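A.B. asks: Just dropping this structure here.
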C-alpha cells in the first residue's frame, strides 16, 4: 500500500500523534502542535483522503475507513513509534478509534474530538428518512470525482455557507470552484 500519508514532527519527548478531520486536514492542528511541541514530540498527520483531494486524485475503489486506518498503521510503523498518545478529530477520530481498537497495545491514551457518531443512531434502529437521505447523499461524494454541484450541496449541508447564499461568492470566506 502506498499510503501517501504525510507527517510533520515537532518537539521532543513523549509522542502525541494528531489525526485531522476529513475536511480540515493537518493544517488545523498547527496551533495545537506548536503548544504541544514545547513538552512533547507532536506529530501532525495528513489523512490519505485529504491529500488525495488536494492532489485532485481519485480515491481507490476499495477506499473505506478501514483502508484509511491501515494506511495510518503503515505510517506509524514507518515512523517507528512505540507507545504513543493518539488524538483524532472528526473523521480522524473515527480513524483513530479504529486504529486503537486494532492496536490497543500501542495506545497510551486516546482522545476523540467530535467523532462521527452515525453508528450510534444505527444501534437504536433504522435511521429516519431524512438522516438516511443525508447519509446516502454524502456517500455519493466518494470515491471518484466530485462535481461543482456536489461541492455546492455539501457547503450548504455542512453549514459552511447559508442555504440562501451562493458559495461561489468570495466574501463568505472561500470559493468552492474557480
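A.B. asks: Which one of these does residue 1 not meet: (1) in a loop (DSSP other than H, G, I, E, B); (2) modelled with pLDDT of 85 or more; (3) closer than 20 Å to residue 106 by Cβ?
C.D. replies: If we test residue 1 against (1) in a loop (DSSP other than H, G, I, E, B); (2) modelled with pLDDT of 85 or more; (3) closer than 20 Å to residue 106 by Cβ, just (2) comes out false.
A.B. asks: Further question on the same structure: Name every residue in the range 75-113 that is in contact with a helix residue (DSSP H, G or I) (Cβ under 7 Å, 6 or more places away or on another chain), part of a strand (DSSP E or B) and surrounded by fewer than 17 Cβ atoms within 10 Å (Cβ to Cβ), in order of residue number.
C.D. replies: Of everything in the range 75-113, those that are in contact with a helix residue (DSSP H, G or I) (Cβ under 7 Å, 6 or more places away or on another chain), part of a strand (DSSP E or B) and surrounded by fewer than 17 Cβ atoms within 10 Å (Cβ to Cβ) turn out to be 107, 110, 113.
A.B. asks: Check 59, 72, 81, 47 and return the single one that is in contact (Cβ under 8 Å) with a residue 12 or more places away in the chain and over 17 Å from the mean Cα position of the chain (by Cα).
C.D. replies: Values: 59 fails: over 17 Å from the mean Cα position of the chain (by Cα); 72 fails: over 17 Å from the mean Cα position of the chain (by Cα); 47 fails: over 17 Å from the mean Cα position of the chain (by Cα).
After applying the criteria, what remains is 81.
Each row is one residue, and each column tells you yes or no for (1) assigned to a helix (DSSP H, G or I); (2) within 23 Å of residue 77 (Cα to Cα); (3) under 17 Å from the mean Cα position of the chain (by Cα).
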residue	(1), (2), (3)
12	no, yes, no
17	no, yes, yes
22	no, yes, yes
34	yes, no, no
38	no, no, no
42	no, yes, no
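A.B. asks: Take the conditions surrounded by 15 or more Cβ atoms within 10 Å (Cβ to Cβ), outside any helix (DSSP H, G or I), in the same structural domain as residue 111 (by TED's automatic domain parsing) and modelled with pLDDT of 95 or more and apply them to residue 59. Does it pass?
C.D. replies: No: the conditions fail for residue 59.
The values are calculated or read from the model by the stated rules, or taken from the named source; none is laboratory data. Not measured: the values here are computed from a predicted model. Counting neighbours? That spans all protein chains shown, and the Cβs are built from the backbone with ideal geometry, glycine included.
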